[in-house]
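**Q** Just passing along the structure, written as structure tokens.
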Amino acid sequence: MTLASPEKVVLGSIAFGLFWILAVFPAVPFLPIGRTAGSLLGGMLMIIFRVITPSQAYAAIDLSVLGLLFGTMVVSIYLERANAFKYLGILFSWKSRGAKDLLCRICIFTAVTSALFTNDTCCVLLTEFILKVARENNIPAHPLLLALASSANVGSSATPIGNPQNLIIAIQSGISFGDFILGILPAMLVGIVVNALILLGMYWKILYMKKDEETTLEEVKCPDDAASHQFSPVHMSHRPSFEDNNPTSEFRSSPNQVSLYATAGEGNIRRSPCGGGDVESGRNLSGCSREGAAVDSFARKLEEKIALEGEHGLQEMANCIENGIPIEPAEKKETLIKKWRRKSWKACLYLVTLGMVVALLMGLNMSWTVLTAALVLMVLDFKDAGPCLDKVSYSLLVFFCGMFITVDGFNRTGIPSTLWTIMEPHARIDHAGGIAVLAIVILILSNIASNVPTVLLLGGRVAASAAAISPSQEKRAWLILAWVSTVAGNLSLLGSAANLIVCEQARRAKPVGFTLSFWTHLKFGFPSTLIVTAIGLLLIRS
């Protein structure tokens, strides 16, 4: 594709440049409108400047990617409601043997969860939990936060649903879910190990956990404040229960004496003023005795039974008295029913999620598979889905719409094609030098223009260049693009949304936040990204 007219090239570059500035620095002083509004502004300018027509702008929006992203978020929300991440957090901190062991667990645990639930979701849910663990065990927070952010990026590279750029690559390339995993999984596994070793090597001396008899990692259960709060034991006063003082002994010989409490059904029950006197007259004989309290408790249960079940419940209660069977309160039965319903719903939710993963591995359409799973979860919940749908990040979906339009408009200026024409002879993937040049280009662009726009700009061109060599090389080119653009996010704090989420969540954490600086991240991210990327490139196969 040749360059467009000078007017389109200049105006298209201005629109894309403004989009890039607001995407990387969403709070710039001259226009602090944020990333989402910035992407819409870039797309609108492409239309206003006539770089792209309105019909072309609509066509540029990839509904498959949006559907897959929406469905993944809905499934993650329902899994969060079912405490899936809480249970994973318990496993994550179970019988930890020190700060170094904890850091390794964070790397492994984060890599697995980010591959299944996207790296952004993983970082949102785990940042405050990790800060809590670090604070309660006197561990420096920044090595653990770096482990979270970097492992989320590396781990998410293994699946098409791990991050947004992989979603785009999987749909544009047509690579199946299973082939995608098989192609990148070896690189991801080795990358996680190498990344953890680099973290241990850099922070070995400061990774020391103070042993405390009262506070251990086993006590930290989940990122929820209420669930992770350490409650001290409280000795509560004993309340006489129906089992402790069962008044059925007084009535076993004559079940008809139930009529002392209910002569004509609901509303005729008479109790002693304090549970310890003459029931018939209501006179208090000898204070609130133990036996009187039991009788009063029995009368309350009888009231509940009659109110809920009428005469049938009264007869059932008489039979229980005759046979010496304890009478359970109505509330307890109701609680048990709710408890079993909740457990059944959780089991169904986990089965649906497992079925979704199996369907994806079988090669079914990814967008429709995930959307179907999300809809099934809404139906099984049997409640208004509004509260759960309100938690979906619609601003992210709108951001993608604006970004698709902006990037397509920039492609139509001819600038990316011209630059690729210059680079292509040196970036062919049939030899090691070409792979190295291609990786460097992707690394630089991913940290300048962010990884998703880089994939949109380079994906088709890199694939076409590799397809001229062989079909297997085309598939390998897509996998290399997925691997390098994802791991490139670890280079700097601005390299990926996951890094920014960890940084912002840590800063806002209560009661004491933590600031992860740009240079602290760069000091670790630069060597880690170069080493992990290079090792992964050797392991990616088509």
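**Q** Does residue 17 qualify as being of a type outside the set (Asp, Glu), open to solvent by less than 40 Å² (accessible area, probe 1.4 Å) and over 31 Å from the mean Cα position of the chain (by Cα)?
**A** Working: of a type outside the set (Asp, Glu): yes; open to solvent by less than 40 Å² (accessible area, probe 1.4 Å): yes; over 31 Å from the mean Cα position of the chain (by Cα): yes.
The answer is yes for residue 17.
**Q** Condition test on residue 49, is it of a type outside the set (Asp, Glu), at pLDDT below 80, over 26 Å from residue 389 (Cβ atoms) and surrounded by fewer than 18 Cβ atoms within 10 Å (Cβ to Cβ)?
**A** On the way: of a type outside the set (Asp, Glu): yes; at pLDDT below 80: no; over 26 Å from residue 389 (Cβ atoms): yes; surrounded by fewer than 18 Cβ atoms within 10 Å (Cβ to Cβ): yes.
Answer is no for this residue.
**Q** Among (1) of a type outside the set (S, T, N, Q); (2) over 26 Å from residue 70 (Cβ atoms); (3) under 13 Å from the mean Cα position of the chain (by Cα), where does residue 122 come up short?
**A** (2)
**Q** Moving on. When the residues of the stretch 334-361 are filtered to those that are open to solvent by 60 Å² or more (accessible area, probe 1.4 Å) and under 20 Å from the mean Cα position of the chain (by Cα), which remaining residue is nearest to residue 78 (Cα to Cα)? Don't jump to the end; show me each part of the working.
**A** Of all residues in the stretch 334-361, those open to solvent by 60 Å² or more (accessible area, probe 1.4 Å) come to 334-344, 350-351, 354, 358, 361.
Restricting the remaining residues to those that are under 20 Å from the mean Cα position of the chain (by Cα) gives 350-351, 354, 358.
Working: 350: 10, 351: 13, 354: 13, 358: 18 Å.
Here the residue is 350.
**Q** Filter the stretch 503-542 for residues that are at pLDDT 85 or above, part of a helix (DSSP H, G or I) and open to solvent by less than 10 Å² (accessible area, probe 1.4 Å) and give the result.
**A** 521, 524, 525, 528, 529, 532, 533, 536, listed by residue number.
**Q** Where the second residue is of a type in the set (Val, Ile, Thr) and the first is under 13 Å from residue 151 (Cβ atoms) and lies in the stretch 109-125, which pairs have Cβ atoms under 7 Å and are six or more apart or on separate chains?
**A** Pairs that qualify, where the first residue is under 13 Å from residue 151 (Cβ atoms) and the partner is of a type in the set (Val, Ile, Thr), are 111/154; 111/192; 115/159; 122/110; 122/113; 123/501; 123/502.
**Q** Out of 111, 99, I need the residue that is crowded, with 21+ Cβ neighbours inside 10 Å, more than 26 Å from residue 356 (Cα to Cα) and at pLDDT 80 or above. Which one? Let's see the steps before the verdict.
**A** On the way: 111 fails: more than 26 Å from residue 356 (Cα to Cα).
Answer to the check: 99.
**Q** Right, something else. Kindly indicate whether any position in the stretch 124-135 is open to solvent by less than 10 Å² (accessible area, probe 1.4 Å), in a helix (DSSP H, G or I), among the small types (Gly, Ala, Ser) and on the phi < 0 side of the Ramachandran plot.
**A** yes
**Q** List, please: which pairs have Cβ atoms under 7 Å, are six or more places apart or on different chains, and start with a residue in the stretch 507-526 that is under 17 Å from residue 447 (Cβ atoms) and in contact (Cβ under 8 Å) with a residue 60 or more places away in the chain and end with one that is open to solvent by 40 Å² or more (accessible area, probe 1.4 Å) and of a type in the set (A, V, I, L, M, F, W, C)?
**A** 524/202
**Q** Return the pair list, or none, for Cβ contacts closer than 9 Å from residues in the stretch 31-47 that are on the phi > 0 side of the Ramachandran plot to residues that are open to solvent by less than 50 Å² (accessible area, probe 1.4 Å) and in a helix (DSSP H, G or I), at least 6 apart or on different chains.
**A** 34/22
**Q** Within the stretch 152-176, how many residues are out of contact with any Ser or Thr (no Cβ under 7 Å at 6 or more places or on another chain) and over 14 Å from residue 459 (Cβ atoms)?
**A** Result for the stretch 152-176: 4.
**Q** Any idea which of (1) open to solvent by less than 40 Å² (accessible area, probe 1.4 Å); (2) modelled with pLDDT under 90 is the one residue 312 doesn't satisfy?
**A** Looking at each condition in turn, residue 312 falls short on (1).
**Q** Now a separate question. From the list 158, 152, 187, exactly one residue is assigned to a helix (DSSP H, G or I), small (Gly, Ala, Ser), under 24 Å from residue 529 (Cα atoms) and under 22 Å from the mean Cα position of the chain (by Cα). Which is it?
**A** On the way: 158 fails: assigned to a helix (DSSP H, G or I); 187 fails: under 22 Å from the mean Cα position of the chain (by Cα).
When all the criteria are applied, what remains is 152.
**Q** In the stretch 2-41, how many residues are of a type outside the set (D, E, K, R) and not in a loop (DSSP other than H, G, I, E, B)? Outline the logic, then answer.
**A** Kept after step one, since they are of a type outside the set (D, E, K, R), are these residues of the stretch 2-41: 2-6, 9-34, 36-41.
Next, from what is left, pick out any that are not in a loop (DSSP other than H, G, I, E, B): 6, 9-24, 34, 36-41.
Residues in the stretch 2-41 being of a type outside the set (D, E, K, R) and not in a loop (DSSP other than H, G, I, E, B): 24 in total.
**Q** Further question: Kindly provide the set of residues from the stretch 377-395 that are of a type outside the set (Gly, Ala, Ser) and open to solvent by less than 50 Å² (accessible area, probe 1.4 Å), ordered by number. Don't jump to the end; show me each part of the working.
**A** Residues of the stretch 377-395 that are of a type outside the set (Gly, Ala, Ser), as a first pass: 377-384, 387-392, 394.
Those that are of a type outside the set (Gly, Ala, Ser) and open to solvent by less than 50 Å² (accessible area, probe 1.4 Å): 377, 378, 381, 388, 389, 392.
**Q** Which of (1) aliphatic (A, V, I, L, M); (2) touching a Pro at 6+ places or on another chain (Cβ under 9 Å); (3) at pLDDT 90 or above is the odd one out, the single condition residue 376 does not satisfy?
**A** In the conditions (1) aliphatic (A, V, I, L, M); (2) touching a Pro at 6+ places or on another chain (Cβ under 9 Å); (3) at pLDDT 90 or above, residue 376 misses (2) alone.
**Q** Tell me the helices (runs of 4 or more DSSP H) entirely within the stretch 401-475 that contain at least 3 residues that are open to solvent by less than 50 Å² (accessible area, probe 1.4 Å) and modelled with pLDDT of 90 or more. Outline the logic, then answer.
**A** Numbers: elements: 415-423, 432-448, 451-467.
Where helices (runs of 4 or more DSSP H) fall fully within the stretch 401-475 and carry at least 3 residues being open to solvent by less than 50 Å² (accessible area, probe 1.4 Å) and modelled with pLDDT of 90 or more, they are 432-448, 451-467.
**Q** Does the stretch 36-58 contain at least one residue that is over 23 Å from the mean Cα position of the chain (by Cα) and within 30 Å of residue 135 (Cβ to Cβ)?
**A** Taking the stretch 36-58 and keeping what is over 23 Å from the mean Cα position of the chain (by Cα), we get 37-58.
Cutting the leftovers down to within 30 Å of residue 135 (Cβ to Cβ) gives us none.
The answer is no; no qualifying residue exists.
**Q** Continuing with this model, one more query. I'm told residue 67 meets every condition in (1) open to solvent by 20 Å² or more (accessible area, probe 1.4 Å); (2) more than 14 Å from residue 407 (Cβ to Cβ) except one. Can you identify the failing condition by its number?
**A** If we test residue 67 against (1) open to solvent by 20 Å² or more (accessible area, probe 1.4 Å); (2) more than 14 Å from residue 407 (Cβ to Cβ), just (1) comes out false.
**Q** Next up: Examine the stretch 180-197 for a residue that is among the polar types (S, T, N, Q), modelled with pLDDT of 90 or more and open to solvent by less than 10 Å² (accessible area, probe 1.4 Å), and state whether such a residue exists. Even if it seems obvious, please write down each step before you answer.
**A** Residues of the stretch 180-197 among the polar types (S, T, N, Q): 195.
Then drop every residue that is not modelled with pLDDT of 90 or more, which leaves 195.
Checking which are open to solvent by less than 10 Å² (accessible area, probe 1.4 Å) leaves us with 195.
Yes, there is a match, as at least one residue in the stretch 180-197 is among the polar types (S, T, N, Q), modelled with pLDDT of 90 or more and open to solvent by less than 10 Å² (accessible area, probe 1.4 Å).
**Q** Sticking with this one: Using the structure shown, decide if residue 495 is under 20 Å from residue 445 (Cα atoms) and open to solvent by less than 50 Å² (accessible area, probe 1.4 Å). Working first, answer last.
**A** Details: under 20 Å from residue 445 (Cα atoms): yes; open to solvent by less than 50 Å² (accessible area, probe 1.4 Å): yes.
In short, yes.
**Q** What number of residues in the stretch 66-113 are in a helix (DSSP H, G or I) and more than 25 Å from residue 381 (Cβ to Cβ)?
**A** Here is the first cut: in the stretch 66-113, the ones in a helix (DSSP H, G or I) are 66-81, 84-93, 99-113.
From what's left, more than 25 Å from residue 381 (Cβ to Cβ): 91-93, 99-112.
Within the stretch 66-113, residues that are in a helix (DSSP H, G or I) and more than 25 Å from residue 381 (Cβ to Cβ) number 17.
The values are calculated or read from the model by the stated rules, or taken from the named source; none is laboratory data. None of these values were measured; they are calculated from a predicted model. In this analysis, Cβ positions are derived from the backbone assuming ideal geometry, glycine residues included, and neighbour counts consider all displayed protein chains. The protein model used for the area step is the full one, side chains on, heavy atoms only, and it has no ligands, DNA or RNA in it. Shrake-Rupley method; radii C 1.70, N 1.55, O 1.52, S 1.80 Å.
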